[in-house]
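The values are calculated or read from the model by the stated rules, or taken from the named source; none is laboratory data. Here the structure is a predicted model, which means the values were calculated and not measured. Methodologically, a virtual Cβ is constructed for each residue, glycine included, from the backbone with ideal geometry; neighbour enumeration extends over all protein chains shown.
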Amino acid sequence: MLQLVDVHRTYLIGESTVQALRGVSVTIEQGEFVAIMGASGSGKSSLLQILGLLDTPDKGEYLLLGHNVNSMTEDEQAGLRNKVAGFVFQQFHLLKRMNIVDNVRLPHIYSGIKGDFRKEAIERLALVGLEHRIDHTPNQLSGGEQQRVAIARALIRDPLIIFADEPTGNLDTKNSAEIMKILKALHEEGKTVIMVTHETEIAAYAGRVITMRDGLIVSDERKSGMEPSVNVGAELTFEGQVAGKVSLWQNGRISGFMQQAFQAILANKLRSFLSVLGIFVGVASVIAMMALGEGAKSAMQEQLKSMGSNMLSIRGGSAKIRGAAQGAGAVARFTFTDVDDISALRPFVKNASGVVNGAGRIVYGNKNWSSSLNGVGFDYGTMRASLPTVGRWFTREEIQTRDKVAIIGVTVVKELFGGSNPIGRTIKINRINFKVIGIAPAKGFSGPQDEDDVVIIPVTTAMYRVLGKEYLSGIFVEVTSPTLIDQAKNAISEQIRKRHRLKADDDSFNIRDMTEIQKMLSSTTQTMSLLLGSIAAISLVVGGIGIMNIMLVSVTERTREIGLRKAIGARKGDIMLQFLVESVGMTISGGLIGVLAGIGISLILSFFAGWAVKTSLISVVLATAFSAIIGIFFGLWPARKAAELKPVEALRYE
Ligand code: ADP
Ligand code: MG
């Protein structure tokens, strides 16, 4: 069944080489119980490792069921180990953080077979007489009991061959006898057992004793009366032993890995907590500060909106010489068509309203007063926050039919009406009768100009009835958002130039934004988010380095665990995925707790300090995603390092 032909194995230690095997040829039949004996250093373990596919020979052939296995890839060999071989080591190699049932069913994580295998694990434990200890961890068991658990683990996949390297090396005579009884029973049931030992009493259990010296077989004796046990399914083929291709994502393997990772993280609670702390602090501060920044921003925006900040004013004439014409054609003349065109400029423009300005002589009773006269469109009221608090705004019909209705500012009210209510009264504007329908909300002074000394009438009435103008004085535009001001300006200029057939350098009109505030605002918020971003980046990177550090320590510390996992069939990808899941699990949990803490902090700030905060979903999503990415990025190197380890070397690691 197993056949080695002239196998050599040489180890390189720095400059020097050790020839552990120098031409071993041996054939082992199915159902044999073989003991490999010899002095320490004679190459017994090297031979067993090659037979068990944990190592590959430098030279020579290894045929398993007639199939050359040297040419198989590492992962294929791992799959074969999982199916065909059960290992029992001198040091037991149980994972201390899990109970013995979990230890026994561990090989099934790598088998690609669905199921939880608890029942099977308990059955195997019953075979070795430990069914009453299932909730115990390895530390609670004696050496002999631990080795029995290891045997149960070797049996979970019903392997063809049991490989045992000094299985009794760490045990006293009584426990040794127990273990040997179990191995003998397994042999009698038809298992092939290959065992390394240097004790004659132990070798006496075997039916065949191979003795080695200096990397060569010096004797090979079969005991009569201990023929190979007859195997039930005698017709074995290699193909029948090769497990189907196991995909990483198949059959809930990820959840299996997540369970493993969870156990590993919990096994080192304090250390995991400390390494997650960096991510936690980073994410919490980012969330809290973003909430603060967003809160401040939206509070400011709210305020600016009431001032009409995302407002553009389009006027004829160049910006430098305001209002003054510089020769013929230098002033663009706007009509309602322009207004319609501009208000159609989605998504930049929300509203547009034409205005005409003029002076008005206003008379009420025996009082008269000069004021500025604004003819405005329907949307102007909402755009510039001029909707009357007392009385009402114009209707669209009033604007259409050039109705003589007026809304007056509080200064005008004071001058003409004193304390009495002006609503419903009739005033004369430039000798035309108007009905007062509302009082514009008080706005105070803007520079030297009294914003409340104003009379607002429909733009059509102003143009055709009062001022006698055929063109608009300007157009007010409300931009959808303060951040779009510049784009809106460009779109509008282009539109106007196209319609009025102006050249690119023609400055017969100008567009001004109402204030420079939004520029200041956007630059402050930009600085703020830049600052927050860099704090986030720094703390997350620091946190990530912490995670990487822990993972590297963890890889070194758990080298033997990795070796064991490989021995029982873990492929490179499996090991890598396990460590990645661990690091991502840590960063994500840190990130999620950080998100909660961040939200908590911002709530506390808004509650006690009265600061405006606004937690945005995007910051939560970003922070969580970012911590996952950090986990992958900083976990990748340690995970690769772990995955690259050779099973034999990892197992020997002290
Ligand atoms: P045994 O199991 O019979 O004691 P081994 O097969 O473990 O012997 O080792 C045979 C020889 O190869 C020894 O001299 C040992 O030092 C050497 N050797 C075994 N494994 C390694 C290794 N991974 N690196 C270097 N030398 C090794
Ligand atoms: Mg050895």
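Hey, does region 428-451 have a residue that's under 22 Å from GLY377 (Cβ atoms) and among the hydroxyl-bearing types (Ser, Thr, Tyr)? So far as region 428-451 goes, yes, one or more of its residues are under 22 Å from GLY377 (Cβ atoms) and among the hydroxyl-bearing types (Ser, Thr, Tyr).
Residues satisfying the criterion are absent from region 120-127 (criterion: in contact with a Phe, Trp or Tyr (Cβ under 9 Å, 6 or more places away or on another chain) and part of a helix (DSSP H, G or I)).
Here ALA440 does not qualify as small (Gly, Ala, Ser) and farther than 15 Å from GLY375 by Cβ. Only one of the listed residues (ARG97, ARG124) is more than 23 Å from ALA650 (Cβ to Cβ) and either more than 16 Å from ligand 1 (Cβ to nearest atom) or touching a Cys at 6+ places or on another chain (Cβ under 6 Å) (or both). That residue is ARG124.
Being within 16 Å of ligand 2 (Cβ to nearest atom) and under 18 Å from GLU32 (Cβ atoms) is the filter; apply it to region 143-178 and report the residue that is surrounded by the fewest Cβ atoms within 10 Å (Cβ to Cβ). Ranking the candidates gives ASP165 first. Please determine whether any residue of region 41-59 is assigned to a strand (DSSP E or B), of a type outside the set (Phe, Trp, Tyr) and without any contact (Cβ under 8 Å) to a residue 60 or more places away in the chain. Yes: region 41-59 contains one or more residues that are assigned to a strand (DSSP E or B), of a type outside the set (Phe, Trp, Tyr) and without any contact (Cβ under 8 Å) to a residue 60 or more places away in the chain. Return yes when GLY31 is within 16 Å of ligand 2 (Cβ to nearest atom), at positive phi and part of a loop (DSSP other than H, G, I, E, B) and no when it is not. It is false that GLY31 is within 16 Å of ligand 2 (Cβ to nearest atom), at positive phi and part of a loop (DSSP other than H, G, I, E, B). Can you confirm whether LEU63 is within 29 Å of ILE182 (Cα to Cα) and either touching an Asp or Glu at 6+ places or on another chain (Cβ under 8 Å) or surrounded by 19 or more Cβ atoms within 10 Å (Cβ to Cβ) (or both)? The answer is no for LEU63. Listed by first and then second residue, the pairs with beta-carbon distance under 9 Å, at least 6 apart or on different chains, first residue in region 60-79 and free of Cβ contacts under 8 Å to residues at least 60 places away in the same chain and of a type in the set (A, V, I, L, M, F, W, C), second assigned to a strand (DSSP E or B) and surrounded by 15 or more Cβ atoms within 10 Å (Cβ to Cβ), are VAL69/TYR62; VAL69/LEU63.
Which numbered condition trips up LYS443, out of (1) basic (Lys, Arg); (2) part of a loop (DSSP other than H, G, I, E, B); (3) surrounded by fewer than 17 Cβ atoms within 10 Å (Cβ to Cβ)? For LYS443, the failing item is (3). Regarding ARG97, is this residue surrounded by 22 or more Cβ atoms within 10 Å (Cβ to Cβ), touching a helix residue (DSSP H, G or I) at 6+ places or on another chain (Cβ under 6 Å), within 29 Å of LEU80 (Cβ to Cβ) and charged (D, E, K, R)? So ARG97 does not fit the description; no.
Filtered by the rule that a residue be among the charged types (D, E, K, R) and either more than 12 Å from ligand 1 (Cβ to nearest atom) or within 15 Å of TYR110 (Cβ to Cβ) (or both), region 42-85 gives ASP58, LYS59, GLU61, GLU74, ASP75, GLU76, ARG81, LYS83.
Annotation for region 183-199: at least one member residue is free of Cβ contacts under 8 Å to residues at least 60 places away in the same chain and within 16 Å of ligand 1 (Cβ to nearest atom). When LEU4 is tested against the conditions (1) outside any strand (DSSP E or B); (2) within 16 Å of ligand 1 (Cβ to nearest atom), the lone failure is (1). Taking region 27-54 as the search range and keeping residues that are among the charged types (D, E, K, R) and buried (at least 19 other Cβ atoms within 10 Å of the Cβ), which one is farthest from MET576 (Cα to Cα)? Of everything passing the filter in region 27-54, GLU32 is farthest from MET576 (Cα to Cα).
With the structure loaded, tell me whether GLY31 is closer than 19 Å to GLU221 by Cα and either more than 15 Å from ligand 1 (Cβ to nearest atom) or modelled with pLDDT under 95 (or both) or whether it fails that test. Here the answer is yes, as GLY31 does meet what is asked. Within region 533-541, is even one residue more than 29 Å from GLY278 (Cα to Cα), modelled with pLDDT under 85 and surrounded by fewer than 20 Cβ atoms within 10 Å (Cβ to Cβ)? Checking region 533-541: not a single residue is more than 29 Å from GLY278 (Cα to Cα), modelled with pLDDT under 85 and surrounded by fewer than 20 Cβ atoms within 10 Å (Cβ to Cβ).
Selection of first residues in region 474-487 that are surrounded by fewer than 16 Cβ atoms within 10 Å (Cβ to Cβ) and of second residues that are assigned to a loop (DSSP other than H, G, I, E, B), restricted to Cβ pairs under 6 Å at least 6 apart or on distinct chains, gives the following pairs, ordered by first then second residue: GLN487/PHE348. The residue pairs whose first member lies in region 20-40 and is over 19 Å from ILE161 (Cβ atoms), whose second member is in a strand (DSSP E or B) and away from ligand 1 (no atom under 16 Å from the Cβ), and whose beta carbons are closer than 8 Å, counting only pairs six or more residues apart or on different chains, are GLY23/ASP6. If you check THR56, THR17 for being of a type in the set (S, T, N, Q), away from ligand 2 (no atom under 13 Å from the Cβ) and in contact with a Ser or Thr (Cβ under 6 Å, 6 or more places away or on another chain), only one passes: THR17. Here the condition is being more than 16 Å from ligand 1 (Cβ to nearest atom), of a type outside the set (Gly, Ala, Ser), under 18 Å from LEU95 (Cβ atoms) and within 16 Å of the chain's Cα centre (by Cα); of GLU582, GLU557, GLU561, it holds for GLU582 alone.
Within region 41-50, is there a residue that is away from ligand 2 (no atom under 16 Å from the Cβ) and in contact with a strand residue (DSSP E or B) (Cβ under 7 Å, 6 or more places away or on another chain)? Checked against the condition, which is being away from ligand 2 (no atom under 16 Å from the Cβ) and in contact with a strand residue (DSSP E or B) (Cβ under 7 Å, 6 or more places away or on another chain), region 41-50 yields no hits at all.
Evaluate the following for ALA20: is it in a strand (DSSP E or B), within 16 Å of ligand 1 (Cβ to nearest atom), of a type outside the set (Val, Ile, Thr) and farther than 22 Å from LYS646 by Cβ? Answer is no for this residue. Among the residues of region 389-398, just one is modelled with pLDDT under 90 and either buried (at least 16 other Cβ atoms within 10 Å of the Cβ) or of a type in the set (S, T, N, Q) (or both), namely THR389. Note on region 457-472: residues that are surrounded by 23 or more Cβ atoms within 10 Å (Cβ to Cβ) and among the hydroxyl-bearing types (Ser, Thr, Tyr) total 1. In this structure, PHE92 qualifies as touching a Pro at 6+ places or on another chain (Cβ under 9 Å) and either more than 16 Å from ligand 2 (Cβ to nearest atom) or in contact (Cβ under 8 Å) with a residue 40 or more places away in the chain (or both). Mind checking which residues of region 504-524 are modelled with pLDDT of 70 or more and in a helix (DSSP H, G or I)? Correct list: SER523, THR524. With respect to the conditions (1) out of contact with any Ser or Thr (no Cβ under 8 Å at 6 or more places or on another chain); (2) among the aliphatic types (A, V, I, L, M); (3) part of a helix (DSSP H, G or I); (4) under 30 Å from LEU12 (Cβ atoms), ALA570 lacks only one, and its number is (3).
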